[in-house]
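The values are calculated or read from the model by the stated rules, or taken from the named source; none is laboratory data. Just so you know, these numbers come straight off a predicted model, no measurement behind them. Glycine also receives a Cβ, built like all others from the backbone with ideal geometry; neighbour counts cover every protein chain displayed. For accessibility, only protein heavy atoms count, side chains too; no ligands or nucleic acids. Shrake-Rupley method; radii C 1.70, N 1.55, O 1.52, S 1.80 Å.
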Amino acid sequence: MKQVRPKKNLGQHFLTDLSIAKRIADTVDACPDIPVLEVGPGMGVMTQYLVEKPRPFKVVEIDRESVAYLNEHFPKLRENILGEDFLRMDLQKVFDGQQFVLTGNYPYDISSQIFFKMLDNKDLIPCCTGMIQREVALRIASEPGTKAYGILSVLIQAWYDVEYLFTVEPDVFNPPPKVQSAVIRMTRNKVAHLDCDENLFKRVVKTVFNQRRKMLRVSLRQLFNSANPAPDGFFDHEIMTKRPEQLTIAQFVDLTNMVEKVLCVRTQNFDVGQE
């Protein structure tokens with residue numbers, strides 16, 4: 001069978017350097033003894049190294065041409081080639097509820113969506129490795145006080161320890177992307193629960209970073225309105241003079257609790273008024 005043609009609509013950039021492919025495949029070894037799921041294997045440049053590891057292994061690939069290529073070139077993997085859209089999969093069913101490592105040469109245009117799905121399944125995925133656009137990798141690994149620090153940084157680092165492993169240049173891909181790539185590894189930390197409402201935490205983080213240049217006392221007003229205003233003095237707290245990139249995860253937890261307290265009081269008052 002001829003080689004698979006990279007498809008622009010799928011964001012395919014096939015890695016051609018075997019030594020780099022092996023280095024990426026070996027990043028899963030930091031989380032041994034559990035199954036591995038590779039996303040977007042393409043023609044199997046990483047797959048050839050992952051399939052030799054002594055653990056259960058599956059791949060998920062949305063491109064039918066790539067699925068046909070994998071079936072022909074990796075016959076012993078045939079029962080474990082999933083021709084599906086990763087973003088629509090029920091991950092509980094992949095390894096019958098077992099935890100697994102997520103890895104891949106992720107399409108640039110959906111890498112953030114992949115990681116949000118990882119967060120939704122964080123108890124199922126103790127380790128995630130792979131290659132993404134360097135800019136996104138820097139964002140995920142960045143610390144408070146830096147320009148790259150943002151929504152992905154906070155939401156991922158709340159649950160995972162992030163390692164920026166190495167940079168990959170464009171000339172080792174077909175076709176070469178217009179940007180550098182990077183390989184990262186995210187390993188679940190020991191946090192079992194955030195000390196706040198976790199859904200509200202995500203809402204607060206996204207709200208303030210959508211106006212990242214503004215102080216919190218400005219951006220947080222979106223959570224309130226004229227019919228249901230914040231109480232007097234709420235925006236006078238010292239933290240309200242900060243911008244979102246200045247806050248640690250612990251401070252975002254504290255901020256979420258401050259907001260939740262106001263929202264709960266407001267809801268209680270509303271309920272009393274309705275009775």
- Note on the structure: Given the conditions (1) assigned to a helix (DSSP H, G or I); (2) in contact with a strand residue (DSSP E or B) (Cβ under 8 Å, 6 or more places away or on another chain), every one holds for Lys58 apart from (1)
- When residues of the range 72-94 are filtered for being more than 20 Å from the chain's Cα centre (by Cα) and either surrounded by 14 or more Cβ atoms within 10 Å (Cβ to Cβ) or acidic (Asp, Glu) (or both), how many remain? 8
- Quick one: count up the residues across the range 74-86 that are assigned to a helix (DSSP H, G or I) and closer than 21 Å to Val28 by Cβ. 5
- Tell me which residues, restricted to the range 165-184, are in contact (Cβ under 8 Å) with a residue 12 or more places away in the chain, closer than 19 Å to Ile110 by Cα and of a type outside the set (Val, Ile, Thr). Phe173, Asn174, Pro175, Pro176, Pro177, Gln180, Ser181, Ala182
- Identify all residues within the range 129-148 that are of a type in the set (Asp, Glu) and in contact with a Leu (Cβ under 8 Å, 6 or more places away or on another chain); write none if there are none. none
- Of the conditions (1) surrounded by fewer than 16 Cβ atoms within 10 Å (Cβ to Cβ); (2) at pLDDT below 95, the single one that Tyr69 does not satisfy is (1)
- Message: Given the condition surrounded by fewer than 19 Cβ atoms within 10 Å (Cβ to Cβ) and within 19 Å of the chain's Cα centre (by Cα), answer yes or no: does some residue in the range 219-230 qualify?
- Response: no
- Of the residues in the range 142-193 that are over 16 Å from the mean Cα position of the chain (by Cα) and crowded, with 20+ Cβ neighbours inside 10 Å, the one that is farthest from Val28 (Cα to Cα) is Phe173
- Message: Condition first: closer than 20 Å to Lys147 by Cα, of a type in the set (S, T, N, Q) and part of a helix (DSSP H, G or I). Now tell me which residues in the range 193-250 satisfy that.
- Response: Thr207, Ser219, Thr241, Gln246
- Message: When you check Lys58 against the structure, is it basic (Lys, Arg), open to solvent by less than 70 Å² (accessible area, probe 1.4 Å) and under 21 Å from Leu155 (Cα atoms), yes or no?
- Response: no
